[in-house]
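Take a look at the structure set out below.
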Amino acid sequence: MIPHISFRPKKRPKRTPNLHETYMDKGAGREGFSVHHGEGHLRRSVSANQLFWLWFVVAVGVFLLIFRIGTLQIVESSEYAFISENNTFAKKIVLPVRGDIYGRNGEHIAWNTGEADDQVPTRNYRNGGFSNLLGFVRYPRQDTTGAYYLPQTLGQGGIEELYDRELAGTSGSLVLERNAVGDLVSELYIEKQKDGEDITLSVDAQTQQLLYNTLKEVAEERDFDAGSGVLLDSTTGEIIAIASYPEFNNNTMTNLSGEERELYIQQQDRGAFVHRAISGLYSPGSAIKPFFAIAALEEDIIDPHETIVSKGHISVQSPYDPDIVYTYKDWRVHGALNMYGALAQSSNVYFYYIGGGYGDRIGLGIDRLKTYASIFGFGTPTSLGVFHEPDGLIPSPLWKEQEHGDEWRIGDTYNTVIGQYAFQVTPLQLARATAALANGGYLVEPHFNKGEISQKVKLVISHSTLEVVRDGMRQGVLNGTAKHLKTDAYTIAAKTGTAQVGNRGVINSLVIGFFPYENPKYAFAIVMERGKTGGAVNAARQFFDTLQIHLPEYFRS
């Protein structure tokens, strides 16, 4: 028998309840219970003092926010509206860079410096004989806000104007995006600018400078007011040099403001802005005789070996009054001369005979004189297209009737055949006509394009006629009026001319010619304006001597 055993639990001691345990979350000890989330902790209420400061801080913040919004919307609204509407996206003109100009041998004669962003490059020019040739530029123009209303550099006169389309290029534009504080965010091209093209001229920069310096020195030494000259390639029409003295300074003109430029122009004297070789009009004097000699030979007026005796003048009785006798002088008594001698000695009497006729000899007459002068390009500007080249003038009965209301007389013909009266030509026209003597009878158009062959017009002139006239011009150098050009260093054929200006003994001195004589390649014309004597032939000698030293290749056959 198993005894019955019973157990009685021990009595536990009494203890006082703990408030922390009382208010403790009953989930303590359960899965997911977290002390870090405040579970099992005593909660206490926020004091009134703390709530006051909390609401104070919130109220101040709200007030400042409302104040700033009001300021933006009311006080500064127009300013920020302008920024957002106009300055966020702004259009900007992008200027092209103007092309450079080079001489035929690669010499810089016009170029730019200072090609930095947002700046207009400065145009620079070679000095000494280039200002009238090249012209100058006017820079882009801005309004008071800095916006360009003329966004290109424009050529003014000369090569700068003639080739402005090629040199200028075209401006572009882009859109600049900026933020509210003006910082650049992005750039977007609407149209890319196209920089100008570089151009190379037929002009030899060194020869150009030598020609100009010669004109300047002779004018100052011999007291001439001005001078001009042209050197052409007679086979291609390329202009090798074309100078005019005096000239302005195109570096100065380019960098002056409008008012300063006008003042500078007023201060210049003696027509510094006129390119005399292209725009100057002069009576050709005896420089016209080779062309009328060709007319006489082609029209069978005279045989080249037939002689005419010059006694120093001819006399013509007035058809209206037998007591009046007009005398037309030669510059000296020459005696018997054939055409070779007449060209070499520049006899006026010989040309009176073949031009207007005298005694039993019938001359060309004014109509045929005008026709042959026109054939050689006189009275018509070249196709150069610069400096507003004038036509010139070949006097005629119709012209005299229209201009003076008077009839043509034999004395007018005599004066026309020796290049006087109202005959007007430019040095460039003289050079163009002389080139036809040199190249075998082709009238070429002068131009500035290196390597290009000019348009040619074949003149209906026999080879034998041209040879007679060329020989006569060579005789002029060997023993005639152009003998100052005689030298063993090179061979030139030339014809001088003198045209009286007014009644005070002032003349214009001219010389035309070509070289090398044996195989002509180049033609030239030089005019010295308003002096005493000998200016043009002296300038030619000085120029060719210097050219032969520095650039002897020009004289090689």
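Being touching a strand residue (DSSP E or B) at 6+ places or on another chain (Cβ under 7 Å), crowded, with 21+ Cβ neighbours inside 10 Å and not in a helix (DSSP H, G or I) is a condition met by at least one residue of region 411-419.
Where residues in region 478-500 are without any contact (Cβ under 8 Å) to a residue 60 or more places away in the chain and not in a loop (DSSP other than H, G, I, E, B), which of them is nearest to residue 556 (Cα to Cα)? Filtering region 478-500 for residues that are without any contact (Cβ under 8 Å) to a residue 60 or more places away in the chain and not in a loop (DSSP other than H, G, I, E, B), the one nearest to residue 556 (Cα to Cα) comes out as 493. Of everything in region 450-477 that is closer than 23 Å to residue 378 by Cα and part of a loop (DSSP other than H, G, I, E, B), the residue that is farthest from the chain's Cα centre (by Cα) is 462.
Answer yes if at least one residue in region 255-265 is in contact with a Phe, Trp or Tyr (Cβ under 6 Å, 6 or more places away or on another chain) and in contact (Cβ under 8 Å) with a residue 60 or more places away in the chain, and no otherwise. No, region 255-265 contains no residue that is in contact with a Phe, Trp or Tyr (Cβ under 6 Å, 6 or more places away or on another chain) and in contact (Cβ under 8 Å) with a residue 60 or more places away in the chain. Of the candidates 257, 279, 286, the single residue that is within 17 Å of the chain's Cα centre (by Cα) and hydroxyl-bearing (Ser, Thr, Tyr) is 279. Being outside any loop (DSSP other than H, G, I, E, B), outside the structural domain of residue 158 (by TED's automatic domain parsing), surrounded by fewer than 18 Cβ atoms within 10 Å (Cβ to Cβ) and at pLDDT below 95 holds for only one residue in 309, 316, and it is 316.
When every residue of region 533-548 is checked against the conditions, none turns out to be over 18 Å from residue 213 (Cβ atoms) and at pLDDT 95 or above. Per the conditions (1) closer than 15 Å to residue 301 by Cβ; (2) modelled with pLDDT under 95; (3) buried (at least 19 other Cβ atoms within 10 Å of the Cβ); (4) not hydroxyl-bearing (Ser, Thr, Tyr), the sole criterion not satisfied by residue 359 is (3). Evaluate region 383-391: report whether one residue or more is under 24 Å from residue 469 (Cβ atoms) and either in contact with a strand residue (DSSP E or B) (Cβ under 8 Å, 6 or more places away or on another chain) or of a type outside the set (S, T, N, Q) (or both). So far as region 383-391 goes, no, none of its residues is under 24 Å from residue 469 (Cβ atoms) and either in contact with a strand residue (DSSP E or B) (Cβ under 8 Å, 6 or more places away or on another chain) or of a type outside the set (S, T, N, Q) (or both). Applying the condition of being closer than 26 Å to residue 175 by Cβ, of a type in the set (S, T, N, Q) and surrounded by 14 or more Cβ atoms within 10 Å (Cβ to Cβ) to region 99-158 and asking which residue is modelled with the highest pLDDT yields 153. Per this entry, residue 516 is not counted among residues that are in contact with a helix residue (DSSP H, G or I) (Cβ under 7 Å, 6 or more places away or on another chain) and buried (at least 23 other Cβ atoms within 10 Å of the Cβ).
For the condition more than 30 Å from residue 275 (Cα to Cα) and in the same structural domain as residue 232 (by TED's automatic domain parsing), what is the one hit in 385, 379, 405? Matching residue, one of 385, 379, 405: 405.
Every condition in (1) surrounded by 15 or more Cβ atoms within 10 Å (Cβ to Cβ); (2) under 28 Å from residue 466 (Cα atoms) is met by residue 333 except one, and the failing one is (1).
The values are calculated or read from the model by the stated rules, or taken from the named source; none is laboratory data. It should be emphasised that the depicted structure is a prediction, and the values quoted were computed from it without experimental measurement. Counting neighbours? That spans all protein chains shown, and the Cβs are built from the backbone with ideal geometry, glycine included.
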